[in-house]
Every structure is written in C-alpha cells, then in structure tokens.
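> Handing you this structure, nothing more for now.
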Amino acid sequence: MTQPKKLFIKTYGCQMNVYDSERMAESLGGQGYVTTDRADDADMILLNTCHIREKAAEKVYSELGRLKPLKDARPDLKIGVAGCVAQAEGEEIMRRQPAVDLVVGPQSYHRLPEMEAKVRSGQSALDTDFPAEDKFDHLKGRPKAKRAPAAFLTVQEGCDKFCAFCVVPYTRGAEVSRPAEKVLEEARDLLERGVREVTLLGQNVNAYHGGMTLAELIRALAKVDGLERIRYTTSHPNDMGDDLIAAHGEVPELMPYLHLPVQSGSDHILKRMNRSHTAESYLKLLERIREARPDILLSGDFIVGFPEESDADFEATMELVRQVRYGYAYSFKYSTRPGTPAAERPLVDPVVADDRLQRLQGLITQHQREIQQSMVGREVSVLVEKKGRLPGQMLGKSEYLHAVHIENCTAAIGDIQRVRVTEAKTNSLAAVQI
C-alpha cells in the first residue's frame, strides 16, 4: 500500500484562520494527505498566516528561515504560505525565501489540489487572486469523521469598512456572504459528526446578507435539530440591527456572549480611525443589548497609541471601559500596517504607548477577575469538550464562554452538564456537577 503523505499546518491569528486550516487539510486530504503535528515529519508544510499582529510578515519570514534546514535536508519537502500575509506579500515571499514552493491567498485555497500537483511536478505555484467563483462551492465535502462538540463555521468574509488601521479589506477583499442554505447545509453536516455548538465567523459577521440577515440565519439555525448552542464573531457596532438585538433576548440557543469591538473611547480617535460610530452611540447600543439580554457578557477590542492619541483621548478609553466592565477584552498597541491610511501618520511615543497599554490591560484584568469571582455559587451549563488534567476532571465552556473545570464529572464529551461554580481561577472557573 502507498503510504499517505503527511501535512503540517501552522495556523496564526483569528478563528477564521482555524476554520480555513481545517478546510485546507480537507481539500488536500483528497490528494492523499493526512495531518501531522510535527513539521519535521511532514511532506508538505503550510503556514496559514495572519496580517493583523505587529510585524506579521517579518515573523513569517523568520519562521520560513527556521524551516529552510528541513528543506535542505529533504529537497522533496514542499513548503507553502497561505492566508493574509500570502495575499499581501505575494511573489515577494518566493523572492525572499526560495525554499517556498507555494503561495496562496485566503480566497483561493480551494485551488490547493491543483497547486499541489503543480509543485509536485517541480514548478512553483502562486495564486493571490480574488476569484469570481465561490471557494466554498469548490471545496470537497467534509469527511464524516467525528468532530469536537464545538466548531467554527464561516458565513461571511471580507470587509467594506476600511478602518484606517486595518489591512483586512486589502487581504480578504470586499464583504461577501455565503448563501444561507449553504450555511445550513454545512451546519447539518457538522451536527451529523457530533457538533452541538457552532460559532458563526466573519470579518463583519453581523453584516451578513446571504439571503437573510444574521438574525434570521440564527433563528433558522436554532430550528435545526441537535444544534444546542450558537455564537458569532466578530461584529461591528454599525451592523448591530434591531432584529439581531432582539434575537439575543428571544433565541435560547444564542449564547449570552457578544464580542463587539469599539477600539477607542475617544470620538476624535474613532473619527481618525474611520470607525463611523461614537463612544456615546456605542454605549447606547450596549444599553439596548443589555435590555434584551440582561446577563450578557461583553467582550471588546482596543487599540492604544493610535496616531494623535492624547492623554485625554486615552482617558476617554479608560472611562468607557469603566462604564462597560468587559468580561473579556483584547488590547493592543498600535503598529503600522503598510498600505493602510494610518500608515503615514506620526506615531505616539512608544514609551507612552507602552504605559497606556499596561494601564488599560490592568483595568480590563481587574474587571475580568471581578466578573469571574461573581460567578462563584452560580449555576451554569457547560458543553463538555475534553478531559481535564486531573483524574475525573472534564473541561468545557459555559454559556458565557468561561472555561470551566468540572471535578468528579460523570458527563461525556459532547454532553451539556449543569454545574455549580465553586472557585474563580485566573483564567477559568472550577465547578461541581449538579
């Protein structure tokens, strides 16, 4: 028998890249590949890259440098770069690192089988187009292997917002939504393989327009037998419509957790970011969401040290955080993305930006711990996802997305277990089943 070829994928960045990596592995599965968790054991290595973080491209080049000795030792090894850095850098990747055989953008990975055949014949392959065809229609169906009980499901890609700091419109393209029936079909396929919770993904997922609004899609998914939990990320405040707010209060399957980035609490900085909302409009929106679902846990994104950010601008951000009290939040120091409108603006003193980031993260951490501590004694429902490190311990996520360790648990993976929280730890909760 022919030995299967081995594929190693290293995934950077967001949940959408995790989803894309799964689909790339499935696509290459038809070419005889099985996945491995060891790069030195692989016949093909794919780096699925993200361009959001600071110095993203340079980190990819550094990783390629570390992989080059593997290629030198095994010339038949194929190395590919996928994702947003691939889209942004294109042919430059192959010029700077000749060990790379394949470069594919995030809208073209359905063409991987043809590209793999090309590199196996000794040629290089580059595809960073924005093809007219829907890549999802051209992907092979998922094999019916058992899946973890929680899964990602991409429903929308691209962005039309053009925030001044962001490369997504240039690397992922314009907003495109998958047809609702295709999403429902994939959801049913996931459920057949043991999934009980789906997280709907999109760069601006609440701008979904695949023949339904996102709220209508959520209501349709809630009617699919066996789907117990629905989440979605990432959202834009301007696309938070009345029907979606109402769904949070009316659809039991929609979990009480919302990631709604604001980026800054300063109207001046928001305008310079091209965010098209104000701090006041954002806070009023949260009031309406909390009226619909009072127990909702909120998450957000923040950028500090954006060009022109003054002490007063930063204090406005701190004040917004004090008012909202996020259960989770992701905060970053601004770093330049070449080609974006903010790239040519003068930077805030790095020492000042570092200090602001530390102060903001300290406040966010304080609120996060206080909210986790308030969970002690409460009853929550946990989707059991895997075994814990201790005997009899199981690990899963609550409806609020808290990681929960259940002691002496008799529930199986995939069960939804009612528990009582007994302890708040740094990044998780401890609980006993009821």
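The values are calculated or read from the model by the stated rules, or taken from the named source; none is laboratory data. This one's a predicted model, so the numbers in the text were calculated from it and none came from an experiment. All Cβ positions, even for glycine, are placed from backbone atoms using ideal geometry, and neighbour counts span all protein chains on display. The accessibility values were calculated without ligands, DNA or RNA, using every heavy atom of the protein model including side chains. Shrake-Rupley method; radii C 1.70, N 1.55, O 1.52, S 1.80 Å.
> Do the conditions hold for Glu54, that is, is it closer than 21 Å to Pro4 by Cβ, open to solvent by 20 Å² or more (accessible area, probe 1.4 Å) and either at pLDDT below 90 or assigned to a strand (DSSP E or B) (or both)?
no
> Then there's this: Please pick out the residue among Ser299, Ser381, Ser374 that is among the hydroxyl-bearing types (Ser, Thr, Tyr) and more than 24 Å from the chain's Cα centre (by Cα).
Ser374
> What are the residues in region 246-265 that are surrounded by fewer than 21 Cβ atoms within 10 Å (Cβ to Cβ) and aliphatic (A, V, I, L, M), if any?
Ala246, Val251
> Quick check, is Ala353 on the phi < 0 side of the Ramachandran plot, at pLDDT below 95 and outside any strand (DSSP E or B)?
Judged against the criteria, Ala353 is not a match.
> Right, something else. Quick one: how many residues across region 319-346 are within 17 Å of Ile371 (Cα to Cα), outside any strand (DSSP E or B) and open to solvent by 70 Å² or more (accessible area, probe 1.4 Å)?
Qualifying residue count, region 319-346: 3.
> Could you list all residues from region 172-217 that are β-branched (Val, Ile, Thr), in contact (Cβ under 8 Å) with a residue 40 or more places away in the chain, closer than 17 Å to Ala247 by Cβ and open to solvent by less than 10 Å² (accessible area, probe 1.4 Å)?
Correct list: Val198, Val205.
> While we're here: Within region 410-427, how many residues are closer than 18 Å to Pro391 by Cβ, open to solvent by less than 30 Å² (accessible area, probe 1.4 Å) and among the small types (Gly, Ala, Ser)?
1
> Look through region 1-51, keep the residues that are crowded, with 18+ Cβ neighbours inside 10 Å and among the aromatic types (Phe, Trp, Tyr), and return whichever of them is farthest from the chain's Cα centre (by Cα).
By that ranking, first place goes to Tyr33.
> Take Phe152 and decide whether it is aromatic (Phe, Trp, Tyr), open to solvent by less than 70 Å² (accessible area, probe 1.4 Å) and modelled with pLDDT of 85 or more. Give the derivation first.
Working: aromatic (Phe, Trp, Tyr): yes; open to solvent by less than 70 Å² (accessible area, probe 1.4 Å): yes; modelled with pLDDT of 85 or more: yes.
Against the criterion (aromatic (Phe, Trp, Tyr), open to solvent by less than 70 Å² (accessible area, probe 1.4 Å) and modelled with pLDDT of 85 or more), Phe152 qualifies.
> Which residue pairs have Cβ atoms under 6 Å apart, sit 6 or more places apart or on different chains, and have a first residue in region 322-345 that is within 17 Å of Ile269 (Cβ to Cβ) and a second that is at pLDDT 95 or above and assigned to a loop (DSSP other than H, G, I, E, B)?
Within 6 Å, the pairs are Lys333/Gly305; Tyr334/Gly305; Tyr334/Phe306; Pro341/Ala164; Ala342/Ala164; Ala342/Pro307; Arg345/Pro307.
> Residue pairs, Cβ under 8 Å, 6 or more apart or interchain, first in region 108-121 and within 12 Å of Leu28 (Cβ to Cβ), second open to solvent by 10 Å² or more (accessible area, probe 1.4 Å) and of a type in the set (A, V, I, L, M, F, W, C). List them.
Every condition considered, the pairs that remain are His110/Phe136; His110/Leu139.
> Among what's in region 72-96 and is open to solvent by less than 30 Å² (accessible area, probe 1.4 Å) and in a helix (DSSP H, G or I), pick the residue that is farthest from Tyr12 (Cα to Cα).
For region 72-96, the residue satisfying everything is Ile93.
> Write out, first by first residue and then by second, each pair whose Cβ atoms fall under 6 Å of each other, whose residues are 6+ apart or on separate chains, and whose first residue, in region 60-82, is of a type in the set (D, E, K, R) while the second is surrounded by 16 or more Cβ atoms within 10 Å (Cβ to Cβ) and assigned to a helix (DSSP H, G or I).
Lys78/Val119
> If you don't mind, there's one more thing I want to ask. Considering each residue of region 300-319, count those that are closer than 21 Å to Leu286 by Cα and of a type in the set (Ser, Thr, Tyr), and give that number.
Number of matching residues: 1.
> Can you find, within region 380-410, the residue that is modelled with the lowest pLDDT among those that are within 18 Å of Ala150 (Cα to Cα) and not in a strand (DSSP E or B)?
Within region 380-410, the first condition is being within 18 Å of Ala150 (Cα to Cα), and the residues that meet it are 380-388, 394-406.
Keeping just the survivors that are not in a strand (DSSP E or B) gives 388, 399-402.
Numbers: Gly388: 94, Glu399: 98, Tyr400: 98, Leu401: 97, His402: 98.
Ranking the qualifying residues of region 380-410, first place goes to Gly388.
> Right, something else. For region 147-171, how many residues meet the condition of being in contact (Cβ under 8 Å) with a residue 60 or more places away in the chain and either assigned to a strand (DSSP E or B) or basic (Lys, Arg) (or both)?
Matching residues across region 147-171 total 6.
> Could you list all residues from region 109-131 that are part of a helix (DSSP H, G or I) and within 27 Å of the chain's Cα centre (by Cα)?
Once the filter is applied, which keeps residues that are part of a helix (DSSP H, G or I) and within 27 Å of the chain's Cα centre (by Cα), region 109-131 yields Tyr109, His110, Arg111, Leu112, Pro113, Met115, Glu116.
> List the pairs whose first member sits in region 256-274 and is hydroxyl-bearing (Ser, Thr, Tyr) and modelled with pLDDT of 95 or more, whose second member is assigned to a loop (DSSP other than H, G, I, E, B) and surrounded by fewer than 24 Cβ atoms within 10 Å (Cβ to Cβ), and whose Cβ atoms are under 6 Å apart, counting only residues at least 6 apart or on separate chains?
Tyr257/Tyr400; Tyr257/Leu401
> May I pose another question? Can you pull out every residue in region 266-318 that is of a type outside the set (Phe, Trp, Tyr), open to solvent by less than 10 Å² (accessible area, probe 1.4 Å), in contact with a Leu (Cβ under 8 Å, 6 or more places away or on another chain) and farther than 20 Å from Ile245 by Cα?
Val304, Gly305, Pro307, Thr317, listed by residue number.
> Mind checking whether some residue in region 358-378 is open to solvent by less than 20 Å² (accessible area, probe 1.4 Å) and part of a loop (DSSP other than H, G, I, E, B)?
Taking every residue of region 358-378 in turn, at least one turns out to be open to solvent by less than 20 Å² (accessible area, probe 1.4 Å) and part of a loop (DSSP other than H, G, I, E, B).
> A follow-up question, please. For region 231-254, what are the residues that are in contact with a helix residue (DSSP H, G or I) (Cβ under 9 Å, 6 or more places away or on another chain) and not in a helix (DSSP H, G or I)?
Step one: of region 231-254, the residues in contact with a helix residue (DSSP H, G or I) (Cβ under 9 Å, 6 or more places away or on another chain) are 232-254.
Across region 231-254, the qualifying residues are Tyr232, Thr233, Thr234, Ser235, His236, Met240, Gly241, Val251, Pro252, Glu253, Leu254.
> Going by the structure shown, is Ala56 touching a helix residue (DSSP H, G or I) at 6+ places or on another chain (Cβ under 6 Å) and either of a type in the set (D, E, K, R) or free of Cβ contacts under 8 Å to residues at least 40 places away in the same chain (or both)?
So Ala56 does not fit the description; no.
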